[in-house]
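The values are calculated or read from the model by the stated rules, or taken from the named source; none is laboratory data. Since the structure is predicted, the reported quantities are computational estimates derived from the model, not experimental observations. Positions of Cβ are generated from backbone atoms using ideal geometry, with glycine treated the same way; all protein chains shown enter the neighbour counts. SASA here: full protein model, heavy atoms, side chains in, ligands and nucleic acids out. Shrake-Rupley method; radii C 1.70, N 1.55, O 1.52, S 1.80 Å.
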Amino acid sequence: MKDYENAIELDSVTKRYDGFTLDSVSFTVPKGSIMGFIGQNGAGKTTTMRSLLNITKIDSGRIRLLGQDHVKDEREIKKNISVVFDAMPFDDMFTPKDMAKIFGGLYPQWEDKTFSDYLDRFELPYKKKVGKFSKGMKMKLQIACALSHNAELLIMDEATSGLDPIVRDEILHIFMEYMHTGERSILMSSHITSDLEKIADCVTFIDKGSVLISGYKDEVLENHGIIKCSQDDVRLIDPSDIVSVRTNSFGAQVMIHNRQAAAYRYKKMIIDPANLEDIMLFYVNKGRKEWS
């Protein structure tokens, strides 16, 4: 593969459906980084990922993967990427042994030893039909396949769903091992934002087909905060500083998008840190003056 700065580049990518539009989506995944891709169901995450893989044909815009055009160079690109979907794409009659033969024929850099090591690590039976696997076992099998042909880019849609916390933690550790060369990259969507907070370098938040936030995770978290105050005190906060306001019988929670400036302006108010889940909730409700 040629040298490249960004593993993924989307520039004004648009796809129109009846009732939904992926609307001029733009973001980049720098080479050697993990991008957390977040948003509620129906926000456009899966459509974006299917567009990257040219499964969904975009109406306009430009996509580059590993420095190459996602349509013109599709065959070459797909030799060097791995994909993990939230649903098992393998036939129930196959065994992991069968999968090794299939993937060995598809990928020039497939490594039987690496695959076997992952099966042992995940405690997956080599000759059992995948139709008899639990959901967690199927996800681990997908991940084992994805990591066994030296891919430069992993694209993962809810890869840790259905896994218990201990196995999820092990999977995240394996992803960090995969990244150690600095030459590999990951785009990972997940509803489990705490997982992304542990390993992601960058985060992109999409809602209703549009990107609301995209940038380095630490900067996104540092820029946002939550002011807890009475409902009357909300009026003391400049509306231009507010993402949205969550109210309850005890008072209000106000998310602000420039924490440093807010700390200077509202010195008597305490600004708590916000996590990725908080940011999602408050931005999804941004169009409403107040919500509960």
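Annotations for the structure displayed:
- Think of region 135-292 as a dipole: +1 on every Lys or Arg Cβ, -1 on every Asp or Glu Cβ, centred on the Cα centre; then among F250, V211, S185, F250 lies furthest on the positive end.
- With 10 Å bins from 0: P(r) over region 233-292, alpha-carbon pairs, percent: 22, 60, 19
- Largest GNM mean-square fluctuation among S185, S249, S161, using the chain with Cα springs under 10 Å: S249.
- Straight-line cross-link reach from K15 at under 18 Å between alpha-carbon atoms covers these lysines, not counting any fewer than eight positions away in the same chain: K45, K57, K208.
- Split the chain at each of the trypsin sites (Lys or Arg not before Pro) in a DSSP loop with at most 16 other beta carbon atoms within 10 Å, and the longest piece is 130-207.
- Sulfur and carbon atoms: percent of accessible area, region 1-99 [1.4 Å]: 43
- Gaussian network model of the chain, Cα within-10 Å springs - most flexible of P125, P96, P30: P125
- Listed pairs K78/K132; K101/K140; K79/K132 exceeding 22 Å between Cα atoms: K78/K132; K79/K132
- Per-q log10 I(q)/I(0), region 1-136, q = 0.13 Å⁻¹ (Debye; single scatterer per alpha-carbon; no solvent): -0.73
- Length gained when the stretch I102-T14 is fully extended (0.36 nm per residue, less Cα-Cα span): 28.3 nm
- Most fluctuating residue given options H191, H173, H149, as computed from a GNM of the chain linking Cα atoms under 10 Å: H173
- Nearest 10 degrees, 0 to 90: helix 135-146 Cα axis against the chain principal axis: 70
- When the alpha carbon gyration tensor of region 1-73 is reduced to an equivalent ellipsoid, the three semi-axes, largest first, read 21, 15, 9 Å.
- Gain in span if fully extended, D59 to K286, counting 0.36 nm per residue against the direct Cα distance: 78.9 nm
- Solution diffusion estimate, µm²/s, Stokes-Einstein, the chain, Kirkwood Rh from C-alpha pairs, 10 °C, viscosity 1.306 mPa s: 77
- Total formal charge among the other residues, if their Cβ is under 11 angstrom from that of K217, Lys/Arg +1 and Asp/Glu -1: -4
- With every protein chain in place and a 1.4 angstrom probe, the accessible-area ranking of M137, M188, largest first, reads M137, M188.
- Euclidean distance between Cα centres, region 129-170 to region 177-255, Å: 26
- With a simple spin-label model that places each label point 7 Å from the Cα along the Cα-to-Cβ direction, the separation between R121 and D73 comes to 2.9 nm.
- Looking at the chain, the accessible area is 49 square angstrom per residue; that uses a 1.4 Å probe and ignores ligands, DNA and RNA.
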